[in-house]
Amino acid sequence: MRRVYLFLLGILVMTSVGCQTTPVKHYAIQAEVISVDVPKKMVTVKHGDIPGLMPAMMMNYLVADEKQIEPLKPGDKISADLVLGENVGHLEKIVLVEKAVAAPAAGDVNQHAH
Ligand SMILES: [Cu+2]
């Protein structure tokens, strides 16, 4: 009986090693860009709730590829893949969801009451 148990345990260990080569975790996040530092590959965002990880907050993230943050401007809404598992988390697959509202154009003046 014990032998069967060990055999099953062996299969379990091999299976988990096989399908999980790295202990890296991915979290899909939604965030608003606060500032972008392309040379440092750093982006400051205000992210929403990340279930099981942290509540909504403002924080800095490194990005794997600085080209992904080059076009970003403060106020842009993005979605990204937060990758944790190394010393520092970083963002991948950054997608611009919504462009920041542009500076008030002539048309917007009409919205003010005057
Ligand atoms: Cu956070």
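The table below gives the values:
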read-out: Most to least packed among 36-42, 77-83, 59-65, 95-101 [average Cβ atoms within 10 Å]; value: 77-83, 59-65, 36-42, 95-101
read-out: Full-stretch length increase - Leu53, Ser79 - with 0.36 nm per residue and alpha-carbon distance subtracted; value: 7.7 nm
read-out: Label-point gap, in nm, between Asp65 and Val97 - each point 7 angstrom along Cα→Cβ; value: 2.1
read-out: Sequence-distant residues sharing a close amide H with Ala100 (under 5 Å, placed H); value: Asp76, Lys77
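Any read-out appearing in this document is the output of simple, stated calculations on the displayed coordinates, not a laboratory observation. Remember, predicted model here, so these are calculated numbers, not experimental data. Note: ideal-geometry Cβ built from the backbone for every residue, glycine included; neighbour counts use all protein chains shown.
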